[in-house]
């Protein structure tokens, strides 16, 4: 891949246009200082450094956006990865006439949509940011949608801070953007030299950034003075000419620019101007006779092509047939692809294990290989979702933990992303503990309004994949590596928030609650316990969040004890979900879970070691019954 770079210098430009931009920059600087001072909170210095970079982008004709129709399909996208520069972000929209000065002064107050870091509550926020190192991946996902799925002319612009370039997720995104030749992705690196506690890794060494970023296949444009309107505008003009490379504009700026006592000074990060120095700061910035507003160029009048939906054929499985739920997941993606034409799939170089390779082979234009870069994969899925796609993200459950920061931010963007984790629990066998997803249920249960599903056979897997597709919001589905028997009829219905009572009678003494691989162990234990005269109820808790509280509480009312059995650590898993549901109930709950250091070995030996095999369940139940009988006597 050809790599190119350029250093731009000042060129003559229209005196009127430059004067207007200077006035806009002055107005925006005043609002930045005033809003943060009024809030007595925020990051004015980080905002002041990027004023010209953003003013020239938004108001000099490069950025195209219909402010009356934020949903316009051809609108350019603007993401502040350095979300702490939100005072600048909001001031830009105020300068565009979309935020009143009164609202601007409500910044960071309780209930205001102008929050400390942008979220979806503010209508012009493309994605929630603030946890650094995420904006570029989200922008990558948006450009994938524009270039490869919707074939629209919009560009995505991402403002980056120099401090966040130490994040590994940035370099994951940089690699993938070059791989996919995303010339519609333009990033602006605000090199203001100072981080939160001092100088950044490379300070003002623009060439250090250039050498590293170009090595990954990007076009780099150096701007020696990021406050020179002519240099900045010329950089944007050059960036928009790229045909097969993403572009990084690397601009030297001054932190705190415009306020003499803040400029290039350490120790002012995240500190507003004190009220007693506010007039001095505003005097430094300059006065204006009246507020100044700018116009944003409108995008091309293009239409997003509508996609036709077609009904999916029902799956075909027979009771007793041995099928891994990961195989059923791959089957479900392909079966549902035409019903959900916006469905896409992303995988982290393990699609032959997660089985998303079936979708890759059948729908290659809707599959994106993200390689072993899970943080970027989740960020890209966020961008795709925010452009109206239905991304299914799959990897080993253990590896999704790397991307928890990106996952936890999803609700603040209101992004509709689905996750599937394979190779869960000790039952994967000989691969050993590094590959065993043992924390994933707990992780996804913490996500606000998230859904956590754990099917036990192929029929329930296919039904729950479709339920995820129908559900609006974050959902996680856990699959099993080994084959398990089909136990449900093909017409069985599975609802999010439901469960299945598979064994039940009026004589039930004990309830066994399980999901996935341990459900089959519980069913075998049920048969063995019958031989000992112990009658058990068996519940398939396939929906761990939301939980079927009614069924769980009924079991607690009607049996003496509940045993939960899970191939997961006890912390945050099925057992704790049930305990929470029964926090006001007297029935005892015993949690059988992975409590010992896993080893490499056969699945059967792994389950036995952890006390979650059928035999181990039987032993645990019989001990309880014996103790209970002794206590009753």
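Bear in mind these aren't lab numbers, they're just calculated from the coordinates by the rules spelled out. Nothing here was measured: the structure is a model prediction, and the numbers come from that model. We place every Cβ from the backbone using ideal geometry, glycine too, and count neighbours over all the protein chains shown.
Nearest 5 is fine: what % of DSSP beta bridges in region 21-285 come out antiparallel, could you say?
If I count the DSSP bridges inside region 21-285, around 5 percent turn out antiparallel.
Multiply the residue gap between residue 588 and residue 293 by 0.36 nm, knock off their C-alpha separation, and tell me the result in nm, one decimal place.
Between residue 588 and residue 293, full extension yields an extra 99.6 nm.
So if each residue of separation counts as 0.36 nm, and I subtract the Cα-Cα distance between residue 277 and residue 202, what length gain in nm does that give?
Answer, rounded to one decimal: 23.8 nm.
To the nearest µm²/s, what D does Stokes-Einstein give for region 310-431 at 4 °C and 1.567 mPa s, using the Kirkwood radius over alpha carbon pairs as Rh?
The estimated diffusion coefficient comes to 87 µm²/s.
What number does region 108-201 give for Rg over Rh if you use C-alpha atoms and the Kirkwood radius?
1.01
What's the FRET efficiency of residue 605 with residue 501 using the Cβ-Cβ distance as r and R₀ = 35 Å, to the nearest 0.05?
That gives a FRET efficiency of 0.70.
Roughly what % of DSSP beta bridges within the chain run antiparallel, to the nearest 5?
Among the beta bridges of the chain, antiparallel pairing accounts for roughly 15 percent.
Enter the Cα centre distance for the pair region 387-424 and region 464-535, rounded to the nearest angstrom.
24 Å
For region 500-632, what proportion of DSSP beta bridges, expressed in % and rounded to the nearest 5, is antiparallel?
15 percent
Once Rh is set to the Kirkwood radius over Cα pairs, what Stokes-Einstein translational diffusion coefficient, in µm²/s, holds for region 9-118 at a temperature of 4 °C and a viscosity of 1.567 mPa s?
89 µm²/s
Give me the tail of P(r) for the chain as a percent: Cα-Cα pairs with distance above 48 Å.
25 percent
Between the helical axis of 15-39 and the dominant principal axis of the chain, each derived from Cα atoms, what acute angle in degrees is found, rounded to the nearest 10?
50 degrees
Helix-only mean residue ellipticity at 222 nm, the chain, DSSP H runs n ≥ 4 weighted -39,500 (n - 2.57), per residue, nearest 500. What is it?
Value at 222 nm, helices only, nearest 500: -11000 deg cm²/dmol.
Mind giving me the FRET efficiency for residue 615 and residue 492? R0 is 35 Å, r the Cβ-Cβ distance, nearest 0.05 is fine.
After rounding to 0.05, the efficiency reads 0.75.
Quick check: the distance between the Cα centres of region 277-346 and region 65-123, to the nearest angstrom?
20 Å
Return one quarter of the surface area of the convex hull spanned by the alpha-carbon atoms of region 500-632, equal to its mean projected area, in nm².
Directional mean of the projected Cα hull area for region 500-632 stands at 7.9 nm².
How long is region 460-577 along each principal axis, judged by its Cα atoms, biggest number first, in Å?
On the principal axes, region 460-577 reaches 44, 29, 28 Å in Cα extent.
D for region 148-234, whole µm²/s, Stokes-Einstein with Kirkwood Rh over alpha-carbon pairs at 20 °C and 1.002 mPa s: what number?
150 µm²/s
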